[in-house]
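The values are calculated or read from the model by the stated rules, or taken from the named source; none is laboratory data. Model, not experiment: these values are computed from the prediction. All Cβ positions, even for glycine, are placed from backbone atoms using ideal geometry, and neighbour counts span all protein chains on display. Each accessible area value is taken on the protein alone, full model and side chains, heavy atoms only, with ligands, DNA and RNA left out. Shrake-Rupley method; radii C 1.70, N 1.55, O 1.52, S 1.80 Å.
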Amino acid sequence: MSTDDDRSESLRMIRDSAAGLAPRTGDLRRIRALRFNEPGFDREVWRQMCEMGWPGLLVSEAHGGSGLGVREFCALTEELGASLVPEPLIPAALAAMLLPEDHLGAVLNGERIVLPAWQETPHSIEPVGATVLAGGRLNGRKMFVAMAAGADAFLVTLPDGLALVERDAPGVHVVSTPAQDGGNFATVTFDGAPAEFVAGDACEALEIAALATSAYLLGAMDRVFGITLEYLRTREQFGRKIGSFQALQHRSADLKIQLSLTRAVVDAAARTMDESTDVRERRAAVSRAKARASDAASAMTRGCIQLHGGIGYTDAADPGLFLRKMMVLAPMFGSAAWHRARFQAMAPDLDDE
């Protein structure tokens, strides 16, 4: 087979593997049951994900991973987004890309969950801040640590590297807050906590995580749009299927355009990340995709709720789950406004759609 054929087969296999744990046609009862209950996800499902090699998808084969590309990872996160999977694959995979080999085994086999703690200001993707490691002791604070209630340890960004610190270490204080989608965020304060220095830079891993989040939003958009089209085909009003109403057809067409544009931009960005070595081009592609996915997911989820009518606003209706997930993920790894500004700075001669 040609290289393109090999890549297509690899992407197909990734999507097929996701279908076993997160089928696009599956119901969302598991997602509802996990909401607002710490840690917000199922450790047994997480272990199954690890058995399938998902957290190590981007880790080199020499270090026990699969050594696949960004396109494969985005194909996987798109499938997980279609089922609103709450397990923290994207942040955990981010950490796995940065951990030293002697810490990877327990992470890749599901025994431990190490999550990144990198954000000190909202909206940005840049891992800057004042958290420092001196004399083996970590001091500082990180905000918006996603699904921190389920972490065994944190990989913390520093001005000159990273620090690995146990969640239950003395001097680590975790204050967890429920998120809109039923998960959790935490502010984690380090007050002289014992930590291990890890050489490395999180910038590249954060770019991949931002793009993977865009793909997750794309999957969520695709699924909620399908749910809504099915509703329009079956719901009757005034003796007619409401999908036959021209106004609703026009609105559906607008949403379909949003979905198609987002897919094109995310796919192009994933290809750029795999093929380009130009840092500016790569970051511009990520920002273009993240801004597009965040805005389009907002338009899609809100539009689908409106197409459902009054029932769409109830918690019992599935579109509401997708809206809440969008509200959490749209600003994660950089808001749409932040990414638009960076895209303009990185590619001033290009116009976003």
Probe of 1.4 angstrom, ligands and nucleic acids ignored: what's the accessible area per residue over the chain, in square angstrom? 43
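Treating the beta-carbon of each Lys and Arg as +1 and of each Asp and Glu as -1, no other charges, what is the dipole magnitude of the chain about its Cα centre, to the nearest 20 debye?
Dipole about the Cα centre, nearest 20: 1540 debye.
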What would the Debye equation give as log₁₀ I(q)/I(0) for the range 161-306 at q = 0.11, 0.13, 0.14 Å⁻¹, counting only Cα atoms as equal point scatterers? -0.64, -0.79, -0.85
For the pair Gln180/Asp201, report the inter-label distance in nm, with labels modelled 7 Å from Cα in the Cβ direction. 3.4
For Leu158, other-chain or 5+-apart residues with amide H closer than 5 Å (H placed, Pro excluded) are Ala163
Using only Cα atoms, find the angle between the long axis of helix 279-308 and the longest principal axis of the chain, and express it within 0 to 90 degrees, rounded to the nearest 10. 40
For q values of 0.14, 0.20, 0.22 Å⁻¹, compute log₁₀ I(q)/I(0) with the Debye formula on a Cα-only model of the range 292-353, without solvent. -0.49, -0.75, -0.83
Which ³J(HN,Hα) values, rounded to whole Hz and listed in residue order, are derived for the range 89-104 from phi using the Karplus coefficients 6.51, -1.76 and 1.60 in 6.51 cos²θ - 1.76 cosθ + 1.60 with θ = phi - 60°, glycine and proline given as x? 5, 5, x, 5, 5, 4, 5, 4, 5, 10, 6, x, 4, 6, 9, 6
Using only Cα atoms, what is the ratio of the radius of gyration of the range 1-52 to 2.2 N^0.38 Å? 1.53
Net length gained if the chain between Ser8 and Arg141 were fully extended (0.36 nm per residue, minus Cα distance): 43.6 nm
What value in Å³ per residue do you get for the convex hull of the alpha-carbon atoms in the range 1-117? 105
Length gain on complete extension for the stretch Glu281 to Ala316, per 0.36 nm per residue less the alpha carbon to alpha carbon distance? 8.3 nm
Tell me the carbon and sulfur percent of the accessible area for the chain, rounded to whole percent, probe radius 1.4 Å. 52
Diffing the range 12-22: the Karplus 3J(HN,Hα) column from phi (6.51, -1.76, 1.60, θ = phi - 60°), in whole Hz with x for Gly and Pro, holds 5, 5, 4, 5, 5, 5, 5, 4, x, 9, 9
Given Cα pairs under 8 Å that are at least 6 residues apart, what percent is the relative contact order of the chain? 17
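Identify the trypsin sites (Lys or Arg not before Pro) of the range 150-245 meeting these criteria: DSSP loop state and at most 16 other C-beta atoms within 10 Å of the C-beta.
Arg235
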When only DSSP loop residues count, what chymotrypsin sites (Phe, Trp or Tyr not before Pro) in the range 11-58 have their Cβ near at most 14 other Cβ atoms within 10 Å? Phe36
What's the Cα-based Rg to Rh of the chain, Rh via Kirkwood? 0.98
Along each of the three principal axes of the Cα atoms of the range 71-123, give the extent in whole Å, ordering the values from largest to smallest. 34, 31, 21
Row for the range 133-225, column shape: gyration tensor on C-alpha, a ≥ b ≥ c, rounded if a/c < 1.5 i.e. under 1.5, prolate if a/b over b/c, else oblate; value oblate
I'd like the per residue volume of the convex hull spanned by the Cα atoms of the range 102-178, given in cubic angstrom. 109
From DSSP H assignment alone, runs of 4+ in the chain each adding -39500 (n - 2.57), the sum over residues rounded to the nearest 500 puts [θ] at 222 nm at -17000 deg cm²/dmol
Would you mind calculating the relative contact order of the range 1-146 from Cα pairs under 8 angstrom and at least 6 residues apart, reporting the percent as a whole number? 21
How far apart, in nanometres, would the label points at His250 and Ser124 be if each is projected 7 angstrom from Cα along the Cα-to-Cβ direction? 4.4
Once fully extended, how much extra length lies between Val328 and Ala134, figured as 0.36 nm per residue of separation less the alpha-carbon to alpha-carbon distance? 66.5 nm
